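Below is one structure, written out as structure tokens; comments come after it.
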Amino acid sequence: MSTASRPAPGPALEHLRYRLRRLWRESGEPSFRVISRRTGDAVGRTTVGTVLDCHGLPRWGPVELVVEALGGNLDQFRELWVAARDEAAPLDVPISLSMEKEPREATAVAGLSLADLQSAEEDLQDQAATSGRREGEARSELLTALEVRADLAEHLNELHERLGRERGRNEELRRRVAGLEAELAGHTDRIERLQDELREVRDERLILQEKLNGLHVRRAELYFAWAREEEARRRAAERARREREQDADALERRLVAAEELLKSVLASRPREDRDE
């Protein structure tokens with residue numbers, strides 16, 4: 001597609017582009033070649049440039065690898081990418097999805113009291129903090145492993161070139177190449193394990209966040225119910241006060257009327273009756 005015919009990017013894509021470029025800058029603006037090496041050459045230099053330029057929405061796979069190589073938060077960038085994808089190709093939500101029942105956990109949360117909520121929130125926050133530390137440690141270890149693998153791959157390529165020039169006659173060099181290949185394979189396995197661990201930790205953190213959100217909703221419901229009850233009590237007390245005041249006013253009027261009646265009766269009696 002030519003530049004003239006390319007549609008203008010939407011705000012979600014612009015946001016994704018800015019965050020990618022910001023991440024690249026905060027990482028020290030490494031060259032596309034260095035980033036490609038960190039991915040184990042799974043993403044070429046040209047593709048790295050395409051991802052960071054982000055003139056059109058790139059596929060998630062290369063974005064994920066580039067973000068990971070720069071030490072970014074995959075969950076945040078996945079949300080940005082999905083938003084840009086939805087912007088470019090929105091999906092129609094089936095009616096059946098909007099009518100699904102809430103999971104059983106929501107029913108369990110609905111029965112919690114404020115004291116139970118406080119305890120549950122503290123427990124989930126501790127779990128989330130532990131999960132966050134695990135994610136940070138795994139990400140740091142993954143970046144180190146990616147750097148080591150990139151260095152090993154570069155060194156191995158150099159040795160392959162030397163071995164090629166010597167037509168494979170250098171036995172010592174061949175042993176070094178075999179050793180480096182085994183070490184590289186070991187690092188690749190380690191990287192895959194760390195990536196799996198990161199995915200598990202992120203999934204766990206998302207589940208914890210969903211549970212915390214459910215607790216927050218329940219807390220809001222309890223506060224609303226308490227406020228509603230307090231308002232009902234206040235209105236009942238106000239109504240009772242007005243009724244008491246009305247009863248007192250009515251009683252006072254009856255007393256005044258009785259007093260006036262008594263005065264009238266006394267005033268109408270003959271003088272001699274009054275003298276007696």
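None of the figures in this text is laboratory data; all of them are computed from the coordinates on show. Note that the structure is predicted; figures quoted are calculated from it, not measured. Note: ideal-geometry Cβ built from the backbone for every residue, glycine included; neighbour counts use all protein chains shown.
Taking other Cβ within 10 Å of each residue's Cβ, how do W60, W81 sort, fewest first?
Least to most surrounded, the residues fall as W60, W81.
Return the calculated 222 nm mean residue ellipticity for the chain, to the nearest 500 deg cm²/dmol, obtained by summing -39500 (n - 2.57) across DSSP H runs with n ≥ 4 and dividing by the residue count.
-28000 deg cm²/dmol
Calculate one ³J(HN,Hα) per residue across segment 118-125 by plugging θ = phi - 60° into the Karplus curve 6.51 cos²θ - 1.76 cosθ + 1.60, and present them in order as whole Hz with x for glycine and proline.
For segment 118-125, the Karplus-derived couplings read 4, 5, 5, 5, 4, 5, 5, 5 Hz, x marking Gly and Pro.
In nanometres, what is the gap between the two model label sites at F224 and R165, each 7 Å from Cα along Cα-to-Cβ?
The answer from the label model is 7.5 nm.
Expected output is a single nm value to one decimal: the length gained when fully extending between E243 and E147, i.e. 0.36 nm times separation in residues minus the C-alpha distance. What is it?
26.5 nm
From the phi of every residue in segment 66-76, what ³J(HN,Hα) in whole Hz does the Karplus formula 6.51 cos²θ - 1.76 cosθ + 1.60 yield, where θ is phi - 60° and glycine or proline is x?
Each residue's phi maps through the Karplus curve to give 5, 4, 5, 5, 9, x, x, 7, 5, 4, 5 Hz.
Explain nothing, just compute: Karplus ³J(HN,Hα) = 6.51 cos²θ - 1.76 cosθ + 1.60, θ = phi - 60°, for every residue of segment 241-254 in order, whole Hz, x for Gly and Pro.
5, 5, 5, 4, 5, 5, 5, 5, 4, 5, 5, 5, 5, 5
Relative to a virtual label point 7 Å from the Cα of V265 in the Cα→beta-carbon direction, which members of segment 230-248 show backbone nitrogen distances below 20 Å?
none
Taking 7 Å along the Cα-to-C-beta vector as the label spot, tell me the R174-E158 distance in nanometres, rounded to one decimal.
2.3 nm
Separation between the N73 and L255 pseudo-spin-labels, each 7 Å from Cα along Cα→Cβ, expressed in nm?
Here the answer is 7.1 nm between the modelled labels.
Rounded to the nearest 0.05, what FRET efficiency is calculated for H216 and E181 with R0 set to 45 Å and r the Cβ-Cβ distance?
The calculated FRET efficiency here is 0.30.
Using per-residue counts of other Cβ atoms within 10 Å, averaged over each peptide, order 30-40, 233-243, 152-162, 137-147 from highest down.
Ranked by mean Cβ neighbours within 10 Å, highest first: 30-40, 137-147, 152-162, 233-243.
Percent relative contact order of the chain, based on C-alpha pairs within less than 8 angstrom and at least six residues apart?
Value for the chain: 19 percent.
Would you mind ranking R22, R78 so that the residue whose beta carbon has the fewest other beta carbons within 10 Å leads the list?
R22, R78
Taking P(r) over Cα pairs in 5 Å bins from 0, in percent straight from the coordinates, which label in (1) 1, 4, 7, 8, 9, 9, 8, 8, 7, 5, 4, 3, 3, 3, 2, 2, 2, 2, 2, 2, 2, 1, 1, 1, 1, 1, 0, 0, 0, 0, 0, 0; (2) 1, 6, 13, 18, 20, 18, 13, 7, 3, 0, 0; (3) 1, 6, 12, 16, 17, 14, 11, 8, 6, 4, 2, 1, 1, 1, 0, 0, 0 is the correct one?
After the calculation, the listed value that fits is (1).
Which FRET efficiency value, to the nearest 0.05, is calculated for R190 and H55 with the Förster distance at 41 angstrom and r the Cβ-Cβ distance?
The formula returns an efficiency of 0.70 here.
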